[in-house]
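These notes concern the structure reproduced below.
Nothing in this text is a laboratory measurement; each read-out follows from the coordinates by a stated rule. Every value quoted in this text rests on a predicted model; they were computed, and no experiment measured them. Don't worry about glycine lacking a Cβ; one is built from the backbone with ideal geometry, like all the others, and counts go over all protein chains shown.
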Amino acid sequence: MITLTVNGERVTREVEPRRHLIDFLRLDLGLTGSHAGCEHGVCGACTVRLDGEIVRGCLVLAASLDGADVVTIEGLSDSGEVADLQANFVARNAAQCGFCTPGMIMTAADLLAHEREAGRGTPSRAEIREHLSGNYCRCTGYQAIVDAVEDTLKARHPVADLGRGTAPAPRSSEATR
Amino acid sequence: MKWPAMGYLRATSLPDLWSALAQHGASAQIIAGGQTLLATLAFRLSEPSVLVDIIRIPELRGVSVTGGALRIGALTRHAELGRDALVRAHAPLLTEAVPLIAHPAIRNRGTIGGSLAYADPAAELPACIVALDAVVVTASAAGERRIPARDFFTDLLQTALHPGEIIAGVEIPLAARHSAIQEIARRSGDYAMAGLAAALRLEAGCVVAPRLVYFGVGNGPVLAAHASAALEGRPLDAGSIAAAQEALGEDLDPPQDLHGPPDMKRHLARVLTARVLGSFLAPKEMAA
Ligand SMILES: Cc1cc2nc3c(=O)[nH]c(=O)nc-3n(C[C@H](O)[C@H](O)[C@H](O)COP(=O)(O)OP(=O)(O)OC[C@H]3O[C@@H](n4cnc5c(N)ncnc54)[C@H](O)[C@@H]3O)c2cc1C
Ligand code: FES
Ligand code: FES
């Protein structure tokens, strides 16, 4: 038996240890916004917020979540935290089939929430790509997705420091992405 | 595929853990961040009868400086490691390694103890702790052991841990050293096709105690003895770097894997050798 907070509401449920967080949300709570794609941590479709940090919902045991605080795409949408990001996804045509979109929004929202932390500037385009690199879009809408995130950052911070953020450590794979 | 049916229990102290392990025997499996274990359960690579969750055991947490060493608790998550000020001050190699490990959502859950215990040959942290000449501190019902990192990784996905024994933490000797890590991966965040974690001292312009540790090119982290010896006592310059690259042929015997043939891995290792050692010469001019 676990009791936790999901999108601000307390819920108590009996769960089997073999239940992962995404199936718990989708099947037990009817919150079907979060998607399960690969179910082994590779695609990012299942990304949700757990105790303030994004996690792979398919790699978390629901049974371990007694006392936890979970926010899904439903909660994030309802709070209005990412209304501008969502509007930019529409404007930039960054959602095609939409399967990856909830995970993309959760991951982009994490970047938006943590930007400028520890004295870093506004994230550059390379940093946006780096942060989203764990999320697959099978419709391959990456360019439009990065555009939508960048537009949101620019609108939230109309200062001229965009692109002056600390670039991520150089990687050999950078040139090919 | 869904996970197998299994039990779950959470240990909240070390004594609690020892009694859980004693009660459930060999088919119990420890889970920390779950970022490797739960993925392998989805592939049905194992079917433990019960998962014993150690993530709330306070004795395994925390980062501190004690007795001439930086001590990092096994449950330190990759994301925490990456932003820890003590780690940045005393083992910046680890700070530099973190962005290379998987993706943000995975770094928020995965732990250093889990990474070292799983001993993936392409993982960054095992190579780093060998390069830093660290000690792995283990714990079991019988007490603690201290195992030099270079002896800890024994074979492919194998470590010197005994059954019923866990990693409690790692201790990294405090020392002034140059260190760097670079890797070549297909997609940012993926496991390395080849990587190099290196640490050395420069005294009067000469290399002292170099430790070049390659990953993704063997059955575990490979401490390259010949390449390191080719550098020892010499000024760090184009000549000594070329000598290290040449000697590397004696150190590496990369297996064929999904990424490509041994020759390609040898080539990548040589390229990384020049990049990493070059970074100690003129860090600003370094381009990956
Ligand atoms: C898509 C994806 C990409 C990844 N990419 C990388 C990468 O590029 N580089 C990389 O290094 N890793 C990568 N990982 C793995 C990730 O770093 C894991 O977090 C880490 O290897 C395991 O840590 P964990 O705490 O999650 O361990 P768990 O999954 O909980 O456990 C792993 C194993 O270690 C054992 N174990 C855990 N803690 C201890 C302990 N304290 N003492 C003894 N045994 C213990 C468990 O019993 C289990 O056998 C990736 C994972 C995924 C899903
Ligand atoms: S469903 Fe979780 S990462 Fe693919
Ligand atoms: S929009 Fe179809 S998977 Fe990304």
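Here region B:54-109 is treated as a Stokes sphere of Kirkwood radius computed over C-alpha pairs; at 4 °C and 1.567 mPa s its diffusion coefficient rounds to 111 µm²/s.
Mean sequence separation of contacting Cα pairs (under 8 Å, at least six apart), scaled by the length of region B:90-159, corresponds to a relative contact order of 28 percent.
Taking a point 7 Å from the Cα of B:N219 along the Cα-to-Cβ direction, the residues of region B:135-164 with backbone N closer than 20 Å to it are B:148-163.
One decimal place: the segment B:V65-B:S27 gains 10.1 nm when fully extended, by the rule 0.36 nm per residue minus the C-alpha distance.
If you bin all the Cα-Cα distances of region A:43-141 at 5 Å, starting from zero, the percentages per bin are 2, 12, 22, 24, 21, 12, 5, 1. The magnitude of the dipole of chain A, with charges of +1 and -1 set on the Cβ of Lys/Arg and Asp/Glu and taken from the Cα centre, is near 520 debye.
Partner chain Cβ atoms within 10 Å, averaged over the residues of B:175-182 - can you pull that number for me? Display every interim value, and only then the final one.
Values: counts 0, 0, 0, 0, 0, 1, 1, 4.
What the average comes to for B:175-182 is 1.
Largest first, the three principal axis extents of the alpha carbons in region B:36-153 are 42, 37, 27 Å in whole numbers. Ranked by how many other Cβ atoms sit within 10 Å of their own Cβ, fewest first, the residues B:M6, B:M264 fall in the order B:M264, B:M6.
Across every pair of different alpha-carbon atoms, what Kirkwood hydrodynamic radius in Å does the protein assembly as shown reach? Intermediate results must be reported in sequence, preceding the final value.
On the way: mean 1/r = 0.0430 Å⁻¹.
In the protein assembly as shown this quantity evaluates to 23.3 Å.
With semi-axes defined as the square roots of five times the eigenvalues of the C-alpha gyration tensor, the equivalent ellipsoid of chain A measures 29, 17, 16 Å, largest first.
Using θ = phi - 60° in the Karplus curve 6.51 cos²θ - 1.76 cosθ + 1.60, the 3J(HN,Hα) couplings for region B:244-253 round to 5, 4, 5, 5, 4, x, 6, 8, 10, 9 Hz; x is entered for Gly and Pro.
When you look at the Cβ of every residue in A:134-141, what mean number of other chain Cβ atoms sits within 10 Å?
Numbers: counts 10, 3, 1, 0, 0, 0, 0, 0.
Taking all residues of A:134-141 together, the mean is 2.
In chain B, the alpha-carbon atoms span a convex hull of 128 Å³ per residue. Projecting the Cα positions of A:N93, B:A42, A:A108 onto the charge dipole of the protein assembly as shown (unit charges on Cβ atoms of Lys, Arg, Asp and Glu, taken about the Cα centre) puts A:N93 furthest along the positive direction.
Quick check on the exposure proxy: order B:W18, B:W3 from fewest to most C-beta atoms within 10 angstrom. Walk me through the numbers on the way to the answer.
Numbers: B:W18 17, B:W3 23.
Going from least to most buried by this count: B:W18, B:W3.
Rounded to the nearest 20 debye, the dipole magnitude of the protein assembly as shown is 380 debye, with +1 charges on Lys and Arg beta carbons, -1 on Asp and Glu beta carbons, and the Cα centre as origin. Against chain B, whose longest principal axis comes from its Cα atoms, helix B:14-24 is set at around 70 degrees.
Residue-normalised convex hull volume from the C-alpha trace of region A:97-159: 78 Å³ per residue.
Compute, for chain B, the length of the dipole vector about the Cα centre, with Cβ point charges of +1 (Lys, Arg) and -1 (Asp, Glu) only. Units Debye, rounded to 20. The partial results should precede the final answer.
Details: 25 positive and 27 negative charges, 147 e Å.
I would put it at about 700 debye.
When the Gaussian network model of chain A links Cα atoms closer than 10 Å, the mean-square fluctuations of A:T12, A:T101, A:T32 top out at A:T12.
Please compute the average number of Cβ atoms from other chains found within 10 Å of each residue's Cβ in peptide B:236-248. Mind dumping the intermediate values first?
Working: counts 0, 0, 0, 0, 0, 0, 0, 0, 0, 0, 0, 0, 0.
Average neighbour count from other chains, rounded to a whole number: 0.
Each residue in B:C128, A:C58 was given a count of other beta-carbon atoms within 10 angstrom of its own, and listing them fewest first yields A:C58, B:C128. Coordinate range of the alpha-carbon atoms in region B:148-288 per principal axis, descending: 47, 37, 29 Å.
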